[in-house]
Amino acid sequence: MAEPIIMPRQGQSVESCILTEWKVNVGDQVAEGDVLAVIETDKASFDLESTAAGTVLALFWEADDDVPVLANVAVVGNDGEDVEEFRPDNGSATSAPEPAPAATEVPSSAPQATEAAAPASSDNVATPVSASTMATGGVSAGVSPRARKLAFRHGLDPETLDGTGPNGRVIERDVEAVISGRPRLSASAVSKARDGLEAPIRGKGLAGMALASDMREPGAIEGAKVEPVKGIRKLVAERMIQSLQTSAQLTLNTHFELTAAQAYRKERVEAGKSKISINDLIAYAQIQALGAHPELNAHFLGNRFAVFEKVHLGIAVDSPRGLMVPVVKEASELSLEALSAEIKKLAIACREGTIQPDDLSGGSCTLTNLGMLGVSTFTPVLNVPEVAILGVGGIELKPKRLESGEVEYAEFLPLSLTIDHQAVDGAPAARFLQTLVSQLEENPGQPLSITNE
């Protein structure tokens with residue numbers, strides 16, 4: 001009995017998944033638990049396993065399709081079983097091939113399909129023809145016979161050309177104009193041209209002749225490998241442009257001295273406590289500062305402004321699959337040690353590909369750190385609808401004036417705060433940074449002791 005394979009729900013917040021790659025074809029035999037496809041949520045990848053055993057009868061979606069959760073994606077069953085009842089509304093599916101009926105079985109009353117184009121209407125509008133039509137010298141009212149013969153010899157489809165003859169008819173000079181702008185093609189290159197590939201401006205053959213190896217996909221760029229944007233990269237691209245188009249982003253830059261933070265870390269090690277990183281201290285101080293400035297711990301929703309009671313801190317992670325932003329839920333309830341452990345756990349899950357979809361949503365503010373990559377300052381892009389994101393740069397040696405008036409050098413870390421100016425003004429954002437810097441320089445790793453005025 002045929003059984004549908006559905007797109008599973010990967011977490012409560014996930015409404016659709018991208019089907020990035022099929023691992024099977026129609027007609028393949030599969031067992032229960034076999035991997036049928038690779039699917040992706042916002043930033044995590046999973047295997048889609050078969051829930052039935054038998055023959056793959058139909059695949060309802062193409063690679064890179066955005067598939068709603070709980071939708072049928074495939075059918076597994078016995079050869080010959082009907083799959084139409086399981087077909088979703090997305091369009092056509094790839095189904096198991098059926099034997100083509102013999103020519104003698106076609107009823108005499110049925111219209112006979114031919115490869116020649118239908119006769120053109122009185123306005124001489126060209127109708128598409130197949131490559132086989134070109135090969136057999138079929139005639140279309142939109143292309144002159146001489147133009148068709150010349151186009152076929154050079155691997156061109158004359159139906160795609162602009163005609164300058166009567167009523168837009170493609171004539172020989174139109175084909176010659178196209179040929180003059182491209183190199184001569186070898187016989188094998190002509191064959192590939194008929195399959196839709198294009199020649200470069202100059203081929204690698206004798207006198208610039210284009211060889212079969214020179215032929216490329218339409219739209220290719222000379223000297224560059226062109227690949228489609230898909231999967232996580234496609235989602236990140238869409239969200240970044242959405243962020244910039246729907247928010248008024250303003251970035252404020254400052255820095256803090258590392259002396260107290262480094263001393264605090266050293267004291268912890270000497271006391272036998274767990275090691276923490278500078279990033280952990282910044283994350284903890286950011287949470288404390290957000291408690292004092294809740295207008296930055298919020299979402300801007302156009303006609304609404306949602307301020308969170310607790311801080312749910314997003315941590316940007318560079319993973320093999322691209323940028324991921326796992327969220328430390330209720331981070332404001334955690335101690336420094338617990339926060340450090342949770343950040344490490346989520347970062348490892350991102351890099352190993354085991355992060356759960358629900359861990360990648362629900363943030364109220366985000367922290368991103370590029371300092372370890374040698375970046376000094378940068379402009380973080382908001383993770384909308386959040387109204388603030390804090391960026392951390394690399395350590396810099398800067399002069400500072402002592403109370404005695406003398407100048408000495410100390411290590412500083414740059415901080416870049418991007419806000420949505422629709423929701424937050426520059427002055428409140430600057431006060432947030434003052435609180436953050438004060439906490440890191442005077443009380444690192446401790447609960448906030450400064451009240452918001």
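All of the numbers you see were taken from the coordinates with simple rules; none came from a lab. Nothing here was measured: the structure is a model prediction, and the numbers come from that model. Because the Cβ atoms are built from the backbone with ideal geometry, glycine has one as well, and the counts that use them run over all protein chains shown.
Summary of computed values
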| item | result |
| --- | --- |
| Contour excess over end-to-end distance, with Cα ends at GLU32 and LYS398 and 0.36 nm allotted per residue | 125.5 nm |
| Ranked by how many other beta carbons lie within 10 Å on average, peptides 373-384, 355-366 from highest | 355-366, 373-384 |
| ASP34, ASP28, ASP214 arranged by Cβ crowding within 10 Å, fewest neighbours leading | ASP28, ASP34, ASP214 |
| Net charge of Cβ neighbours under 9 Å - reference GLU49; Lys, Arg +1; Asp, Glu -1 | -3 |
| Highest to lowest packing among 319-331, 263-275, scored as the average C-beta count within 10 Å | 319-331, 263-275 |
| Net charge, SER274 excluded, C-beta distance under 12 Å - Lys, Arg +1, Asp, Glu -1 | +3 |
| Peptide ranges 255-261, 416-422 listed from the most packed, as the mean C-beta count within 10 angstrom indicates | 416-422, 255-261 |
| Rounded Å value of the spacing that divides the Cα centres of segment 1-65 and segment 387-441 | 48 |
| Pairwise FRET efficiency - ALA71 versus MET1, Cβ, R0 = 25 Å, nearest 0.05 | 0.80 |
| Stokes-Einstein D for segment 231-442, Kirkwood Rh over Cα pairs, 20 °C, 1.002 mPa s (µm²/s) | 120 |
| Whole-angstrom gap from segment 293-360 to segment 249-280, using each part's C-alpha centre | 19 |
| Amide H partners (placed H, <5 Å) of ILE5, local residues excluded | VAL73, ALA74, VAL75, VAL76 |
